[in-house]
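The values are calculated or read from the model by the stated rules, or taken from the named source; none is laboratory data. Bear in mind the structure is a predicted one, so any value in this text is a computation, not a measurement. Here Cβ is always computed from backbone atoms with ideal geometry, including for glycine, and neighbour counts include all displayed protein chains.
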Amino acid sequence: MKIINPNYIYQDGNILENQAIAFEKNIEKIAPIEDLLKLFPNAQIINLPENSLIMPGLINAHVHLEFSANKETLEYGDFLQWLYSVIGNRDELINSCNIECMKKATQMMLESGITTYGAVSSYGMDLDAAASSPQNVVFFNELIGSQATMADALFADFTARLDASKSIKREGFYPAVAIHSPYSVHPILVKKALQMVKNEKLPLSAHFLESPAEKKWLEQSEGDFKKFFVDFLKQEKAVSNIKEFLAHFTDVPTLMTHVVQAGNEELEILSKSKHTIIHCPISNRLLGNGAIDLAELDKHNIHWICATDGLSSNYTLNLFEEMKIALFMHHEADLLTLAKRLLQSVTKDAAKALGLNTGEIKEGKNSDMLVLELTSKPNEQLPLHLLLHGYNISKIYINGKQVKGE
Ligand SMILES: [Zn+2]
């Protein structure tokens, strides 16, 4: 047993004072240090410097490790232009990101306090990097392919990758499924994968209504996507419309990524099916997709969380930076309320959406904790200061194991 003794604990927008934490893999007890010493007289005591704060480790529910080599290669500003640049540079980007490059990306996340991440894996080339990283990982094997003639081969490749991820037996590693998007996955494939997800109760994610071009293509088989599909796949029509796609997910709460272009009708369906929206503000801005309307999501009682997306559409994998950008993007929201919501979204709410026992400094939860060095006694605007000031993270614990700090 270990006892860590901070000045403050941040949980759900509140600041607890004079409470220490007794923990092993899980948080065993939160109480004043004197009480914990009586309960656990042989525990190892970890004392912390003045103004230390413990908060839950952050959860980045959506990242693409395999594209971590991108810095100046891909073209930003417009979704289709970006997509063409991905296709034009895909081989070079993938081949230039070896395991070291991907480990650097997981380390970048760790340094900024990310103790759990959801890796969307297109090719399975990131499996070793994810398996050997210190974080909890939900490994989303992605299914893609809009041509019915290729369905069997694509599904076989997908299940082989899924099986490989199931063979990883370590604490905090969870195989999962991602459906690439409504425009890129044939309904036959979606159906087969969803059956698997239901049978095996696997976490599920999908990109959904990211760009205006995607919406137009799904609704009318027209717009900027038309040329793309005709040129690359000789495909004249979308494989599903929006409602047909969503119908597959009716009984399966799913992490739907982006959803910037959803209107009232789509939001009603998302709400009814209890899906969670993953909001990636930096990616949305860089790819020219606009800003999601968070107030509309709240009106529809839709859960939303914040994530970084991959380095293919971001300059960093830092959730504090991502939340700060969200804070400025959604300028009409009350500042402090939004700061609190964002922090909750990358801790407690993300854990809930991924089905993990973490994201809270609470008895029984996994010991995924950050120690931050504040510069003075925190006040009621702490959530805001946490996003603005990039406080030093001096120690990190994941499942009770120290992975950063002295
Ligand atoms: Zn993505």
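Every residue in the range 17-42 that is free of Cβ contacts under 8 Å to residues at least 12 places away in the same chain and either under 20 Å from residue 58 (Cα atoms) or not in a strand (DSSP E or B) (or both), please.
34, 35, 38, 41
In contact (Cβ under 8 Å) with a residue 60 or more places away in the chain, in a strand (DSSP E or B) and away from the ligand (no atom under 16 Å from the Cβ): does that describe residue 394?
Taking the combined requirement at face value, the residue satisfies it.
Just need a number here: residues in the range 326-350 that are aliphatic (A, V, I, L, M), surrounded by 20 or more Cβ atoms within 10 Å (Cβ to Cβ) and either touching a His at 6+ places or on another chain (Cβ under 8 Å) or closer than 21 Å to residue 78 by Cα (or both).
The total comes to 2.
Pairs under 6 Å by beta carbon, first residue free of Cβ contacts under 8 Å to residues at least 40 places away in the same chain in the range 311-323, partner of a type outside the set (Val, Ile, Thr) and within 16 Å of the ligand (Cβ to nearest atom), six or more apart or different chains?
If the second residue must be of a type outside the set (Val, Ile, Thr) and within 16 Å of the ligand (Cβ to nearest atom), the pairs left are 314/283.
Across the range 226-259, what is the total count of residues that are in a loop (DSSP other than H, G, I, E, B), more than 16 Å from the ligand (Cβ to nearest atom) and out of contact with any Asp or Glu (no Cβ under 9 Å at 6 or more places or on another chain)? Before the answer, list the steps.
Step one: filter the range 226-259 for residues in a loop (DSSP other than H, G, I, E, B), giving 234-241, 248-254, 259.
Cutting the leftovers down to more than 16 Å from the ligand (Cβ to nearest atom) gives us 234-241, 248-253.
Within this subset, residues satisfying the condition of being out of contact with any Asp or Glu (no Cβ under 9 Å at 6 or more places or on another chain) are 234-237, 239-240, 248-253.
Result for the range 226-259: 12.
Scan the range 306-321 and tell me whether some residue there is crowded, with 20+ Cβ neighbours inside 10 Å, in contact with an Asp or Glu (Cβ under 7 Å, 6 or more places away or on another chain) and β-branched (Val, Ile, Thr).
Yes, the range 306-321 contains a residue that is crowded, with 20+ Cβ neighbours inside 10 Å, in contact with an Asp or Glu (Cβ under 7 Å, 6 or more places away or on another chain) and β-branched (Val, Ile, Thr).
Say whether the condition of being hydroxyl-bearing (Ser, Thr, Tyr) and under 18 Å from the mean Cα position of the chain (by Cα) is met by at least one residue in the range 357-373.
Within the range 357-373, one or more residues are hydroxyl-bearing (Ser, Thr, Tyr) and under 18 Å from the mean Cα position of the chain (by Cα).
Restricting to the range 361-381, name every residue that is buried (at least 20 other Cβ atoms within 10 Å of the Cβ) and over 17 Å from residue 112 (Cβ atoms).
361, 366, 367
Do the conditions hold for residue 60, that is, is it assigned to a loop (DSSP other than H, G, I, E, B) and either surrounded by 14 or more Cβ atoms within 10 Å (Cβ to Cβ) or more than 16 Å from the ligand (Cβ to nearest atom) (or both)? Steps first, please.
Numbers: assigned to a loop (DSSP other than H, G, I, E, B): no; either surrounded by 14 or more Cβ atoms within 10 Å (Cβ to Cβ) or more than 16 Å from the ligand (Cβ to nearest atom) (or both): yes.
No.
Could you identify the single residue in 87, 45, 114, 144 that is in contact with a helix residue (DSSP H, G or I) (Cβ under 9 Å, 6 or more places away or on another chain), outside the structural domain of residue 318 (by TED's automatic domain parsing) and touching a residue at least 24 places away in the same chain (Cβ under 8 Å)?
Result of the check over 87, 45, 114, 144: 45.
Kindly check whether there is at least one residue in the range 135-153 that is at pLDDT 95 or above, away from the ligand (no atom under 16 Å from the Cβ), buried (at least 17 other Cβ atoms within 10 Å of the Cβ) and in a helix (DSSP H, G or I).
no
Would you say residue 204 is in the same structural domain as residue 289 (by TED's automatic domain parsing), at positive phi and within 16 Å of the ligand (Cβ to nearest atom)?
no
Quick one: in the range 260-301, of everything that is within 16 Å of the ligand (Cβ to nearest atom) and hydroxyl-bearing (Ser, Thr, Tyr), which residue is farthest from residue 347 (Cα to Cα)?
Out of the qualifying residues, it is 283.
Here is a yes/no grid of residues against (1) in a helix (DSSP H, G or I); (2) surrounded by fewer than 22 Cβ atoms within 10 Å (Cβ to Cβ); (3) among the aromatic types (Phe, Trp, Tyr):
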| position | (1), (2), (3) |
| --- | --- |
| 159 | yes, yes, no |
| 168 | no, yes, no |
| 171 | no, yes, no |
| 177 | no, no, no |
| 183 | no, no, yes |
| 198 | yes, yes, no |
| 206 | no, no, no |
| 210 | no, no, no |
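Residues in the range 267-274: is at least one in contact (Cβ under 8 Å) with a residue 40 or more places away in the chain, in a loop (DSSP other than H, G, I, E, B) and either closer than 25 Å to residue 55 by Cβ or in contact with a helix residue (DSSP H, G or I) (Cβ under 9 Å, 6 or more places away or on another chain) (or both)?
No, because not a single residue in the range 267-274 is in contact (Cβ under 8 Å) with a residue 40 or more places away in the chain, in a loop (DSSP other than H, G, I, E, B) and either closer than 25 Å to residue 55 by Cβ or in contact with a helix residue (DSSP H, G or I) (Cβ under 9 Å, 6 or more places away or on another chain) (or both).
Go through (1) assigned to a loop (DSSP other than H, G, I, E, B); (2) away from the ligand (no atom under 14 Å from the Cβ) one by one and return the number of the condition residue 104 breaks.
Residue 104 satisfies all of (1) assigned to a loop (DSSP other than H, G, I, E, B); (2) away from the ligand (no atom under 14 Å from the Cβ) except (1).
Among the residues of the range 306-336, what is the count of those that are outside any loop (DSSP other than H, G, I, E, B) and within 16 Å of the ligand (Cβ to nearest atom)?
Initially, the range 306-336 is screened for residues outside any loop (DSSP other than H, G, I, E, B), giving 306, 319-329, 335-336.
Okay, now just the ones that are also within 16 Å of the ligand (Cβ to nearest atom), so 306, 319, 322.
Number of matching residues: 3.
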